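To start, the structure under review is shown below, and the notes come after it.
The values are calculated or read from the model by the stated rules, or taken from the named source; none is laboratory data. Model, not experiment: these values are computed from the prediction. All Cβ positions, glycine included, derive from the backbone under ideal geometry; neighbour counts span all protein chains shown. With ligands, DNA and RNA removed, areas are computed over all heavy atoms of the protein, side chains included. Shrake-Rupley method; radii C 1.70, N 1.55, O 1.52, S 1.80 Å.
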Amino acid sequence: MTTHVHTAPLTSDHTDPEPPEWWRQAVVYQVYPRSFADADGDGIGDLRGILSRVRYLADLGIDAVWLSPFYPSELADGGYDVADYRDVDPRLGTLDDFDALVEALHAEGIRVVVDIVPNHTSNKHAWFQEALAAGRGSAARARYIFRDGAGPDGSQPPADWVSVFGGPAWEPVGDGQWYFHNFAVEQPDLDWSNPQVRADFVHTLRFWSDRGVDGFRIDVAHMLTKDFVDPLPSQAELDAIPRDGNHPMIDRDDVHEVYAEWREVFDSYDPPRTAVAEAWVEPSRIPLYARAESLGQAFNFDLLEADFDATQFRRIVTDNLTLAAQSGSSTTWVLSNHDVVRHATRYGLPDAERGTDGRPLRKHGNEWLLSGGTRPELDAAAGIRRARAASLFVLGLPGSAYVYQGEELGLHEVAAIDDEHRQDPTFFRSPGEDIGRDGCRVPLPWTAEGSSFGFGDDGAHLPQPAWFADLAVAVQDGDPASTLALYRRALALRHELQTGEALTWVETGRHDVLQFHRPNGWTVVTNFGTEPFDLPADADIALSSGPLDGRVLPGETTVWISAR
Ligand code: GLC
């Protein structure tokens, strides 16, 4: 017997937080604009495409949209190489399109968060072009990090540093000088000790805030400030320096001087603009970014690196609620984003052999190969079952939840992409080592048919696999068992469940079953194991991530039990 899930109309007894606090328990939906919807049929998603799907976003029940970069860019790093921070890439639209999108989202009560990429510009940015032309010692070069090369003729890099995407982190410009790029060659790092750099980003934050943007996601927020003292240390020496706030380039305490200035900008608006830090730092240092005097909130990425495992989940939840309390912020839950393997796939791969971010480390033909050298067996059905259970668990937690486009469709990572179609610099800079991030950035399927499954009229910039047809929005729409229906129902019910920012763990007597209460009496139970778990006979089950057998919770399933 399958337990009936009640579908009573949602009541309005929930209390929305005050407008300035909207972000504390918000569900923020990440749109990767080039892969969301393509209105002009050039194979690249655009702002008009997003505008045409505002109804979809409103029906999903999200509180905010975070737009990954849509600025002019050569796409050396999927738009995170920004050539102009205060404009729209012509392939994606115009500033008028942006204004129309903000207006339409706001009309639905959906806030808008945009991505700010302050660590580096594109090498096509006017400043970098000026720096190349102006030559050594110029004020234009002082906005970036230039050094003379080593060796008598400057033909050697200033240091042996390796970039985050692989390969050398210093690039020669042909006149004996080299510039530093933490990421791709096309992403020269800015020098944040330069007052012009600081002033320009304040200008950018005001530019978007004035256009009605509600908040900002700050890219690699922990890397802006640097202290490179000559002679530069070697990579081995850099690696050995503790990350305690004084490391030459990672998570330096002085980065918060930048954010204190930004805070004045954010707070000069009504309601104050929000920010969330993408900071890959030691957990104990997260509160520095999440403090109200700094950015106000920081991503907690712990679940990206965790297995589908009760012990790991419980520890991560407890630790992050503690960290959030320390900073006075709310925590953020992230299961997928544009940088990691989709969680449906992570949970379908063997735990022990995954790369640290879930990405298998090598490729073989156009398939992936795990770090152990074996071919992974993807258990697709288990992956999606666990992903649904994990998502429902996370959406029941206090704090804000970030949903990455396509996870509400239960999309798997697209592993098989031919080399000639790959775009991610991590793939090209580590040949044969890293399959890259393209597999989670494949354009969404909206319909089961069409040249790009309804994404646009003329193909998609990354090839979509045939199996996308089964997961299209049009196919899931109206199917109560679909992952889309699960997300819609969860986000609607979340308004009732989500009061107060606390939880109480309930001991279940099982190491693989987690149960917690929310202050208003709602209960979430997740069975991470495979043995069924008995729920109380009178449990009023509001939602379940999979089929139930009476009041028995099968393995790899989550239920929400209402307070009524
Ligand atoms: C962040 C982004 C990632 C990008 C990198 C460099 O980690 O999420 O996509 O490649 O910064 O900008």
For region 150-168, which positions are of a type outside the set (Val, Ile, Thr), closer than 27 Å to Asp438 by Cα and either more than 13 Å from the ligand (Cβ to nearest atom) or open to solvent by 20 Å² or more (accessible area, probe 1.4 Å) (or both)?
Trp161, Gly167, Pro168
Lone unmet requirement of (1) touching a Lys or Arg at 6+ places or on another chain (Cβ under 7 Å); (2) away from the ligand (no atom under 16 Å from the Cβ) for Gly396:
(1)
Please state which of the following conditions Ser209 fails to meet, knowing it meets all the rest: (1) in contact with a strand residue (DSSP E or B) (Cβ under 6 Å, 6 or more places away or on another chain); (2) not in a loop (DSSP other than H, G, I, E, B).
(1)
Residue ID - nearest to the chain's Cα centre (by Cα), chosen from residues in region 177-224 that are more than 12 Å from the ligand (Cβ to nearest atom), within 22 Å of Val28 (Cα to Cα) and buried (at least 22 other Cβ atoms within 10 Å of the Cβ):
Phe216
Pairs, please: C-beta under 9 Å, at least 6 apart or cross-chain, first residue in contact (Cβ under 8 Å) with a residue 40 or more places away in the chain and in region 23-43, second β-branched (Val, Ile, Thr) and assigned to a helix (DSSP H, G or I)?
Val31/Ile50; Pro33/Ile50; Phe36/Ile50; Ala37/Ile50; Ala39/Ile50
Within region 248-264, does at least one residue satisfy the condition of being under 27 Å from Gly500 (Cβ atoms) and not in a loop (DSSP other than H, G, I, E, B)?
yes
Within region 375-432, the residues that are open to solvent by less than 10 Å² (accessible area, probe 1.4 Å), aromatic (Phe, Trp, Tyr) and either at pLDDT below 90 or touching a His at 6+ places or on another chain (Cβ under 8 Å) (or both) are Tyr404
Could you name every one of the strands (runs of 3 or more DSSP E) located completely within region 482-564 that has at least 2 residues being in contact (Cβ under 8 Å) with a residue 24 or more places away in the chain and of a type in the set (S, T, N, Q)?
523-527, 557-561
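Can you tell me which residue within region 265-278, out of those that are within 16 Å of the ligand (Cβ to nearest atom) and in contact (Cβ under 8 Å) with a residue 60 or more places away in the chain, is nearest to the chain's Cα centre (by Cα)?
Of everything passing the filter in region 265-278, Glu278 is nearest to the chain's Cα centre (by Cα).
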Failed item, numbered, when Pro547 is tested on (1) in contact with a Lys or Arg (Cβ under 9 Å, 6 or more places away or on another chain); (2) of a type outside the set (Asp, Glu); (3) surrounded by fewer than 16 Cβ atoms within 10 Å (Cβ to Cβ)
(1)
